[in-house]
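Data block below; observations after.
The values are calculated or read from the model by the stated rules, or taken from the named source; none is laboratory data. Model, not experiment: these values are computed from the prediction. Virtual Cβ from ideal backbone geometry, glycine too; neighbours counted across all protein chains shown. Quick note on the areas: whole protein, heavy atoms, side chains included, nothing else; ligands and nucleic acids left out. Shrake-Rupley method; radii C 1.70, N 1.55, O 1.52, S 1.80 Å.
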Amino acid sequence: MSLPRRFVLILLLLSVLLLVHQPVASAWQGHGNRGACASTQSACQEHDPQLEADGKTGVAVGAAAASDIAATGGAAADAAAAPSAATSDDQTAQKERETEEPEREMGVSESEPSVTQSEAAIMDEDSSSPEAQAGVPEVNVTAMRLQVQEMFYHAYDGYKRFAFPQDELKPLSCSGSNPYGGMAMTLMESLGTLLLLGNVTEFNWGVDYLSQHLSFDLDIRVNVFEANIRALGSLLSAHVLILQSRDPTLPPVHPSLAGVHLAPGYNGRLLELAIDLGFRLLPAFSSGTPIPYAWVNLRRGVLPDEVTHTCTAGAGTLLLEFSVLSNLSGIPIFQVKAEAAVVALYRRRSSLNLVGNGISSVSGVWLQRESTAGAGVDSFFEYLLKGYLLLGKGYLRRMFSKMYSGAMRYMAVRGEPMVRWLLDVGMDNGHLGRHYASSLQAFWPAMQAFWPAMQVIAGQTADARVIHSGLWAVWQKFSFLPELFSLTASAVHPVERGYPLRPEMAESAYFLFKATGNRTYLEIGREIAAALNTVTRTECGFASIGNVESHRLDNHMESFLLSETLKYLYLSSPPH
């Protein structure tokens, strides 16, 4: 089918930076990252694609979003009215959207500036100037890029030699495991990075293997969020990249690929597989509310005794992939369902513009009223903004602006000078919930830096740099960022002590470098790559860290190491 050119261009940008995430229990097991429900809960996990807009789009988006976020408590906001749902079984969501009332926009902070005047003075300096970068070492970007490329192939080749066609590599025993039922998940998620490295041969081989051997007719229980971001997103990304190579008016993914037609003889099989998977995930929306179940059986649908608890990120992080699937297939139901879920969650926010961490998909009642910028909620914010960039629907931008402003007002807590933490608070009163910060909050600087860098929002890059500086100090103390760490005792959480090779710090450094031009963030990327290569490298891959203090290794290599962490480190090395 023919797609609007703007939509195709954004899809291509989305596909190049496609990311991933994790499961929590049962059939799909992993260590996961952004969007994952906390391991003590029980429903979902996640990941997301990264969208970049071109300069004109970014400026236009930035001006609108900046206006929304900068609005004070006395400024009237637009009504967040979403378009009506297209099918009768989404009448509940349609009613919610039609009855949305105008609300007063909440500022980033009415009582205290998000960034102090002294902080703003520092951050407003030209961070790319020689004066601002005095003392920052020069980074040999060519050497860094070659090192990251070698690290990728060490992990990828180890997977192919010792684990393929299983899902993941066990890097200590040099064997394989099937946490996703045996879909060759690491291969599926590595396709985009292979192409970014210019490896047409291996990309074509992977597409051919999946086209011939991949099947979702499996009697396994899968996490909807994980299946969406990992499998569905990877298939759609590869499909779009192949289409891109056949359109001479579009730029190549890699300079060496100019004029190269990927996957000769490709007949659209990856899209067919994506449609099949999409229909197998749709039973999750049979909960009686627009909020989907967290788990489905790929062959039998929702099981009779299925849990009804889901996390906000798990239910609200389907919009990008489901919308792309609808637009590529011409089947609207996927986007309709995903949009309805987003609206239903937003409608259940508190008067403080905060949402809880866990909700019943059947009753729509909050089961966990703790609001967080970490696991369980984080990528809900991300998909609101990126959903607007992809679909151009203003109500998504306004929803994001309110949610973001509420989070920055109530979660941002000042630590040392130039350090800011995002802590969990009660969604109803904004009171502090716990004194441990989540490593997934490294996602927030990436989000805050992505937004201003792309859309030139005054002030948000400064917030990102302040929060990032605190998280980077923790990384430097332990050589890695633990899952949870105490702000008061500067200690690692007694249980969540590991680092599963997450991408968020590399992602943050990449977007901050693109936004500021400050080579400090290149040096951070170089240090991350060096730490991974020195501490986590094994004979056949890279191992997750079970304890950041002792550097004890776990026999697990998440596929997002190849699809996200190493991809961002590679992209951090100009000229990419």
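Worth a mention:
- For LEU352, the shell of other residues with beta-carbons less than 9 Å away shows a net charge of +1, using +1 for Lys and Arg and -1 for Asp and Glu.
- Fully extended contour minus Cα-Cα distance, from ASP208 to ASN555, at 0.36 nm per residue: 122.0 nm
- Scanning residues 5 or more positions from SER371 or on other chains, those with amide H under 5 Å from its amide H are VAL425, GLY426, MET427, with H placed 1.01 Å from N in the peptide plane.
- A protection proxy built from the mean count of other Cβ atoms within 10 Å ranks the segments 350-359, 185-194, 154-163, 248-257, most packed first, as 185-194, 350-359, 154-163, 248-257.
- From the largest down, region 509-576 spans 37, 24, 16 angstrom on the principal axes of its Cα atoms.
- Selection from VAL355, VAL302, VAL324 lying farthest towards where the dipole of region 301-367 points positive, charges on Cβ: VAL355
- Surface accessible to a 1.4 Å probe, per residue, for the residues of region 223-289, Å²: 35
- Relative contact order, percent, region 482-571 [alpha-carbon distance under 8 Å, six or more residues apart]: 33
- Once backbone amide H atoms are built at 1.01 Å from N, VAL492 has SER486 as its partners under 5 Å, excluding neighbours fewer than 5 places away on the same chain.
- Between amide H atoms placed 1.01 Å from N, distances below 5 Å from LEU553 occur with GLY546, all of them 5 or more places distant or on a separate chain.
- Full-extension gain in nm, SER360 to ARG161, via 0.36 nm per residue minus C-alpha separation: 67.4 nm
- Subtracting the Cα-Cα distance of GLN476 and ASP219 from their residue separation scaled by 0.36 nm leaves 88.1 nm.
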